Structures are given as C-alpha cells and as structure tokens.
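The values are calculated or read from the model by the stated rules, or taken from the named source; none is laboratory data. Bear in mind the structure is a predicted one, so any value in this text is a computation, not a measurement. So basically every Cβ, Gly included, is an ideal-geometry build from the backbone, and we count neighbours across all protein chains shown.
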Amino acid sequence: MTIHRSGLACFVGRPNAGKSTLTNALVGTKVAITSSRPQTTRHVVRGIVTQPDAQVVILDTPGLHKPKTLLGERLNDLVREAWSSVDVTALCLSATERIGPGDAYIAAELARARRGGARTTFAIITKTDVVPPAQVAERLTEAAELGEKAGLSWTEIVPVSAVEGFNVPLLTDLIIAQLPEGAALYPDGEVTDEPEATLVAELIREAALEGLSDELPHSLAVVVEEMGLREDRPEDRPLVDIHAVVFVERDSQKAIIIGKGGARLKQVGSTSRRAIESLLGSPVYMNLHVKVAKDWQRDPRQLRRLGF
C-alpha cells in the first residue's frame, strides 16, 4: 500500500528573505504577493502543494523583525504562532547578505521553540541566482555555523533559486519526507485557503507598493469593501464589481499614492485589475479610493478595522 504523507511547513526569516517568492515557486502559482520592499507579507499565507502521495501546506510568514509599531508586534506574534504548530520549520537566509544578528536572533528563537517538542528544522539559502557560486558556498558555511551557535541541528541545508527553479523540486521532496503519514488536509486542486477578497486586496497592495519610497510601504493597507457580480449581466458576459480603499497614515502620503492628476492611482488600478481578472477568470470593474487612517499602525482600534 502506498504511504500518503501530509502536514505543515513554515517559512520564516528576516524581511525580504525571499519567503513569498519561494512559497509561490513550490505551489506552482501565485498565492502570496511579492515586492522588493521589506515586510510585504502581513499575514500568514497558506500555499498548498498536492502530489499523488503527499500534501504539504506551506505557511509563508511575515518577516520577523525588531518591531517599532503595534502592527510590527502583532506580525511577530503571527510568526511565532505559526511555527509552534507545524511539522517542518525552514529558516530562509538570503544569499545576497551575510548572515547577521537578525538571523541569529531567529535561530535562537527556533532553538527555544524546539525544546518544547521534536521539530524538523531546515536552513534554506535563497536567491542563489543573483550571486556567484562562491558566495552561495559562503552562505552555506555561515548557515551551518549559525545552527551550531544556536544549538540547532539542521535536518537539511538547501540552496535554492525560486526564480530559476533550482532545487525547488528537491526542497519539496525533502520537506515531504519529514511529514507524518496522513490524509490530505485540503481537496485536490486547491492552492490556498485565502478568501478571494483577501487575495484581491493583496494584489491591489502589491501594485501600489511598486516605485514607492522606503517609508511609505509600511503605511499602506488595502481593504475590499464590496465585491460581487454585477446584476443584470448575461451569463456569458459577467463583470465583477470591486470597491476597495487604499489606506495611508497622512495626507502627504495620500497625495503620493494618487499622483499628479490621479495618474498613479489609475496605474495601480489598471495593474492590479489585470492580475485580479487572471485570478477570478472574469472581467473586473475597479472602484479604487485613497483614505487617511491617521497613525493606524500604532492604533489598536484602527488595526482591528483594517483586519490586524
């Protein structure tokens, strides 16, 4: 009888370590937004990888960082909650940067979490396609030393390139090999359990993030207020109406998002609409507005309103 394995794996690491891009690569389609901006991921995204004899649910987490706001504290709590309930935890380390104090802090946290029960821990060197092989070798050595200092015995240390697909199938197989026997957790064909409205909001935020200054992305949040099929449309010509709001913290930021004569907001709408139409398989009418929620990252009431 064929053994079927199923379970959860969690990708953790510093902001901009390549976790979301790697999640998308393993799933084989886009389930998590990506950006060159750190701290793009703001909730735990579940990507589902299904094979004939296994299913692994990848938890893509926000970057663990030293929080400066209440939002930052809550994102860190999400990460710790995620890795407390999975079968495999993988620390993502970017090949583009030397392993530093932030990585050591996360490794130490993982070591403490493992003392509560036996868990499998990987080290993954990401973004190997943008550095020379000698630099990848340096990161592999640093990762081994990082584990020793933290008291972690890595089950695997794997270099990958999510962009080129290097070692992505191998990583999938190595993770599955560590999962317990069990039935699939999700039906065949599902790639994420994210609600459509959440995916739509994330695609709008992804489009809005491009080209912004370093400060503004942290102040950006998107809420889909209404979404549904327009009535009185023929079945062969459906149209999905989406009413969404981009929230920022100050009037000056609102002006940046809107742009001169509304040009930038129009570009955000057209870019995100194409991605959303691909997701939903239907034409979309986008009604996009920008509002100010003053200092929302530090305000518990505003955080609840924006879904954090």
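Can you say whether ALA90 is surrounded by 21 or more Cβ atoms within 10 Å (Cβ to Cβ) and over 18 Å from the mean Cα position of the chain (by Cα), as far as the supplied structure shows? No, not satisfied. For THR172, the criteria (1) modelled with pLDDT under 90; (2) among the polar types (S, T, N, Q); (3) part of a helix (DSSP H, G or I) hold in every case but one, which is (1). So which residues in region 98-112 are of a type outside the set (Ser, Thr, Tyr) and surrounded by fewer than 16 Cβ atoms within 10 Å (Cβ to Cβ), if there are any at all? Hits for region 98-112 are ARG98, GLY100, PRO101, ALA104, ALA108, ARG112. Kindly indicate whether any position in region 200-207 is among the basic types (Lys, Arg) and exposed (fewer than 14 other Cβ atoms within 10 Å of the Cβ). Within region 200-207, none of the residues are among the basic types (Lys, Arg) and exposed (fewer than 14 other Cβ atoms within 10 Å of the Cβ). Among residues of region 17-44 being surrounded by fewer than 22 Cβ atoms within 10 Å (Cβ to Cβ) and on the phi > 0 side of the Ramachandran plot, the one that is modelled with the highest pLDDT is GLY28. Taking each residue of region 152-175 that is within 18 Å of GLU138 (Cβ to Cβ) and looking for partners that are of a type in the set (Gly, Ala, Ser) with beta-carbon atoms closer than 7 Å, six or more apart or interchain, yields TRP154/ALA123; TRP154/GLY147; ILE157/ALA123; ILE157/ALA143; ILE157/ALA144. Of all the residues in region 116-130, those that are surrounded by 18 or more Cβ atoms within 10 Å (Cβ to Cβ), out of contact with any helix residue (DSSP H, G or I) (no Cβ under 8 Å at 6 or more places or on another chain) and closer than 16 Å to VAL160 by Cα number 1. Within region 84-92, the presence of a residue that is modelled with pLDDT of 90 or more, assigned to a helix (DSSP H, G or I) and out of contact with any Cys (no Cβ under 8 Å at 6 or more places or on another chain) is excluded.
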